[in-house]
Amino acid sequence: MDLFNEIRPIALADARVIYHPSPDLGLHPDAIFAALRAEIPWEQHSVNIHGQIIPQPRLSSWHGEVVHTYSTLAHVLVPHPWSGVVAHLRERVEAICAARFNSMLANLYRNGQDAIGWHADDEPELGPAPVIASLSFGAERGFHMRRKDDHAQVKRITLEHGSLLIMAGAMQRHWQHAVMRTAKPIGERINLTFRLTAGSEASVGAL
Ligand SMILES: O=C(O)CCC(=O)C(=O)O
């Protein structure tokens, strides 16, 4: 199979988005899912919305070399070091994307009630046009995108078990994304987003 024939560009104005349903990750997606489920220290993170501390509707884990200080997070996230299957996947994804990543956010959606609301990965420390590599494992996930300045412009794609979505160009400047709740019975889903985060003040070594 010619892997490059499998790559599907997703048409979004002002953005570069590529969907790869079956990148060569060096391990079967079932084995990766089992390893991620077992190895990642899944945590309940919270956000601070107008002084109210609200648990996020999913479990998460922050990995790599940079402390995560997103404005609405209720706490600073000190990264877990690269190790095991996460370190392996980082190497594979860096090779596939020809890009360097120093941080990764893992999300575990336990059932249809777990979700992530509309947002863009547009924190200044990611830069104006970040390359974000998003791996999906487990049950299929509906991934929604909408234009920031025109919410009527929406697009939904399905992220399959073992797939890679690369978001680049001005995607984060012009588009938001979300994973919606669903009433349908749905199995566990894991998402890993690899990023290159500027970390001068926020680097682990600076703490
Ligand atoms: O689960 C996903 O695909 C989205 C994750 C996400 O948007 C994020 O972690 O910022």
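Every number here is computed from the coordinates shown, using simple stated rules; none is lab data. From a predicted model like this one, the values you see are computed outputs, not experimental measurements. Note that we place each Cβ from the backbone using ideal geometry, even for glycine, and neighbour counts take in every protein chain shown.
Annotation: amide H-H contacts under 5 Å for T197 (H modelled 1.01 Å from N, sequence separation of 5 or more, or interchain): N102, S103. Have a look at P29, P55, P79 and tell me which one the Gaussian network model of the chain (Cα, springs below 10 Å) gives the largest fluctuation. Of the options given, P55 has the highest mean-square fluctuation.
Here's the picture: charge each Lys and Arg Cβ at +1 and each Asp and Glu Cβ at -1 in the chain, and of F143, L89, I132 the one pushed furthest to the positive end of that dipole is F143. In order along segment 153-162, the phi-based Karplus estimate (6.51 cos²θ - 1.76 cosθ + 1.60, θ = phi - 60°) of 3J(HN,Hα) comes to 7, 10, 9, 10, 10, 9, 9, 8, 3, x Hz; Gly and Pro are listed as x. Here, P(r) means the percent of Cα pairs in each 5 Å bin from 0 to the largest distance; for the chain it is 1, 7, 15, 20, 22, 20, 11, 4, 1, 0, 0.
Between R173 and H75, full extension at 0.36 nm per residue minus the direct alpha carbon distance yields a gain of 32.8 nm.
Taken about its Cα centre, the chain carries a charge dipole of about 560 debye when Lys and Arg each add +1 at the Cβ and Asp and Glu each add -1 at the Cβ. Across the chain, Cα pairs under 8 Å and at least six residues apart give a relative contact order of 27 percent.
Could you work out which residue, out of S46, S103, S71, moves most in a Gaussian network model of the chain, that is, has the largest mean-square fluctuation with Cα springs under 10 Å? So, out of S46, S103, S71, the one fluctuating most is S71.
Build a GNM of the chain with springs between Cα atoms under 10 Å apart, and of A183, A31, A170 the one that fluctuates most is A183.
Note on N111 and S22: with the Förster distance fixed at 22 Å, the Cβ-Cβ geometry gives a FRET efficiency of about 0.30.
Mind checking Rg over Rh on segment 92-165, alpha carbons, Kirkwood formula for Rh? Spell out each step's value before the answer.
Details: Rg = 13.8 Å, Rh = 14.4 Å.
Expressed as Rg/Rh, it is 0.96.
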